Amino acid sequence: MLQEIILAGFGGQGVMSMGQLLAYAGMEENKQVSWIPSYGPEMRGGTANCSVTLSDTPVSSPLIDEPDTLFVLNRPSLEKFEGSVKPGGLLLLNSSLVKVEPQRTDLRVLKLPVDNLAQEKFGNSRVANMILVGAFVAVTGAVSLDSVVGALKKVLPEHRHKLIPLNRQALELGVELAQS
Amino acid sequence: MAKVLMKGNEALGEAAIRAGCRFFFGYPITPQSELPHYLAKRLPEVGGVFLQAESEVAAINMVYGAAGAGARVMTSSSSPGVSLKMEGISYIAGAELPCVIVNMQRGGPGLGSIQPGQADYFQAVKGGGHGDYRLLVLAPASIQEMVDLMGLAFALADKYRNPVMILGDGTLGQMMEPVEFPEMLDPEKLPQKPWAAQGAKGREPNIINSLYLNPLELEDHNLKLQAKYTQMAAEETRSESYYTDDADIVLVGYGSSARVCKAAVDQARQQGIKAGLFRPITLFPFPKAEIQAACRQAKAVLTVEMSMGQLVEDVRYNLEFRVPVHFYGRAGGMVPTTRAVVSKITELVQEGGRSA
């Protein structure tokens, strides 16, 4: 199993933490993992992205130019990365913010209005990203939901651990939506 | 100890502490600032000293002082900051003091960019500062290897009384991978340094100096330094050979470029191309016998680096121009892609490995 993932959005949407969450979840399953962020002035209010590799064998290169999965949380990220996804790859789209259609016709596309859903269901738009992670888990099976939930303890600082149940609900909603 | 997921810069900081380093002097610069940031918190916890100096020049001279007093001491920076330290590094090498210097390279020249680069190769392995001196240069390619090499760096610095550089790049500094740390070394139990300036009560004073006004004495000093570098070449070379045994095309790269090369070798092998990778881990001393062995039956060699062609010169020189050595590089903070490297390999195969 080799799953190469790019996650992209605005700074503040939690793309870095989503990536770390997947990396930790992979570690929980004794997979080989790597996480690498974009860094620099572009992160202030602009787009941010990170690359995550989950693999059964040692990770050759942590730098990903053709991801199996692309998480898109805002429109500039779609424009920047859509062309790079492997044919037949997975595109997870935050349709609350991305109102345009993807150009590619050879991808598996899952559009979820996660900002709206997080607000409506949980009254907290900050768990929008977890809905997408849940959907990713359901579609790919690259890591299990249990591992992701377990990894929340590693990614969230201790004083935020009370938010784990909320994040778990958001993850479960993502799983449900992807399966329906 | 269980594995933890950690950024390269932070892992280097923890590894330095495990290796018994209790003194750090530095000045922040992207993309290595997480290292001083980590040590600012962590060193006081173990009774060490973290000091953010007023400049890189001040920091390296504090390293000079601490090393002269026998401490395990480290500084870190990124390209422009390392240039500023060069005068002090030459003094430290001249005075034969052990220390560790980390360079998380970024794009250059000048202020350049804050994105990853490898264009400080010449500066690291050929001198950089003035005079006939060499650093022992270690080039890790993963977070675990950064940790492993940090312990080695301090040991080699003490063994040779010579500064050791860990030459990384922005990618290695910023990325996270699972890592396992060695047990904590007790700094009190490290070998004594009878040459250090620690108070001369009851003995002749030790003098830490790089000034020799008598040219004959200075020549002798230079010959002594050269003998040390020759010994390093005989005893300390390290490298990794990946699928080189039957390789028609051998890639050569270090640090994060070598990771890209490894992925390219994997893809080329899937296409039925006999590709391999030779990765120098010591850049000085260069693993000459090892690269010759790895390229013994290669029809062509391809050097990949984030520069306009620096490592490639040492590859040609050490292969004694017996094999055509090609070059692919990106610069300015651009990183080579696996796809681009694979297509270079394919081109070489179509050309039968001959020089273009």
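The values are calculated or read from the model by the stated rules, or taken from the named source; none is laboratory data. A quick note: this is a predicted structure, and the numbers were derived from the prediction, not measured. We place every Cβ from the backbone using ideal geometry, glycine too, and count neighbours over all the protein chains shown.
Please return the ranges of strands (runs of 3 or more DSSP E) entirely within the range B:129-199 where 2 or more residues are closer than 26 Å to B:Gly70 by Cα.
Values: elements: B:136-138, B:163-169, B:176-179.
Of the strands (runs of 3 or more DSSP E) lying wholly inside the range B:129-199, those with at least 2 residues that are closer than 26 Å to B:Gly70 by Cα span B:136-138, B:163-169.
Any residue at all in the range B:9-16 that's assigned to a strand (DSSP E or B), within 14 Å of chain A (Cβ to nearest Cβ) and not polar (S, T, N, Q)?
Checked the range B:9-16: no residue is assigned to a strand (DSSP E or B), within 14 Å of chain A (Cβ to nearest Cβ) and not polar (S, T, N, Q).
I'm checking my understanding of the structure. Among residues of the range A:86-130 that are of a type in the set (Asp, Glu) and part of a helix (DSSP H, G or I), which one is surrounded by the fewest Cβ atoms within 10 Å (Cβ to Cβ)?
A:Glu120
Taking the stated definitions as given, is B:Val304 part of a strand (DSSP E or B), touching a Gly at 6+ places or on another chain (Cβ under 7 Å) and not basic (Lys, Arg)?
Numbers: part of a strand (DSSP E or B): yes; touching a Gly at 6+ places or on another chain (Cβ under 7 Å): yes; not basic (Lys, Arg): yes.
Yes.
Determine which single condition B:Val179 fails, assuming it passes every other condition in (1) within 10 Å of another protein chain (Cβ to nearest Cβ); (2) over 14 Å from the mean Cα position of the chain (by Cα); (3) not polar (S, T, N, Q).
Result: B:Val179 fails condition (1) only.
Within the range B:228-235, identify whether any single residue is within 14 Å of another protein chain (Cβ to nearest Cβ) and crowded, with 18+ Cβ neighbours inside 10 Å, and answer yes or no.
no
More than 30 Å from B:Leu277 (Cβ to Cβ) and out of contact with any Phe, Trp or Tyr (no Cβ under 8 Å at 6 or more places or on another chain): does that describe A:Leu21? Please lay out each step first, then the result.
Numbers: more than 30 Å from B:Leu277 (Cβ to Cβ): yes; out of contact with any Phe, Trp or Tyr (no Cβ under 8 Å at 6 or more places or on another chain): yes.
Taking the combined requirement at face value, the residue satisfies it.
Can you go through B:Gly112, B:Gly173, B:Gly107, B:Gly129 and tell me which one is within 14 Å of another protein chain (Cβ to nearest Cβ) and more than 26 Å from A:Val52 (Cα to Cα)?
After ruling out the rest, the residue left standing is B:Gly112.
Given the condition closer than 30 Å to A:Gln20 by Cα, of a type outside the set (Val, Ile, Thr) and in contact with a Phe, Trp or Tyr (Cβ under 9 Å, 6 or more places away or on another chain), answer yes or no: does some residue in the range B:141-156 qualify?
yes
All but one of (1) more than 12 Å from the chain's Cα centre (by Cα); (2) part of a strand (DSSP E or B); (3) more than 14 Å from every other protein chain (Cβ to nearest Cβ) hold for A:Leu70; which doesn't?
(1)
Out of all the residues in the range B:268-315, which are under 20 Å from B:Leu348 (Cα atoms) and among the polar types (S, T, N, Q)?
B:Gln270, B:Gln271, B:Gln292, B:Gln297, B:Thr303
When you scan the range B:305-327, do you find a residue that is within 14 Å of chain A (Cβ to nearest Cβ), crowded, with 18+ Cβ neighbours inside 10 Å and either more than 27 Å from B:Gln271 (Cα to Cα) or not hydroxyl-bearing (Ser, Thr, Tyr) (or both), even just one?
Yes, the range B:305-327 contains at least one residue that is within 14 Å of chain A (Cβ to nearest Cβ), crowded, with 18+ Cβ neighbours inside 10 Å and either more than 27 Å from B:Gln271 (Cα to Cα) or not hydroxyl-bearing (Ser, Thr, Tyr) (or both).
Name the residues in the range B:180-222 that are of a type in the set (Asp, Glu) and either touching a strand residue (DSSP E or B) at 6+ places or on another chain (Cβ under 7 Å) or farther than 24 Å from B:Val46 by Cβ (or both), would you?
Hits for the range B:180-222 are B:Glu204, B:Glu217, B:Glu219, B:Asp220.
Taking only pairs six or more apart or across chains, which ones have beta-carbon atoms under 9 Å, a first residue in the range A:32-56 that is at positive phi, and a second residue that is charged (D, E, K, R) and modelled with pLDDT of 90 or more?
none
Go over the candidates A:Gly83, A:Gly26, A:Gly19 one by one and state the one that is assigned to a helix (DSSP H, G or I), surrounded by fewer than 23 Cβ atoms within 10 Å (Cβ to Cβ) and modelled with pLDDT of 95 or more.
Criteria check complete, one pass: A:Gly83.
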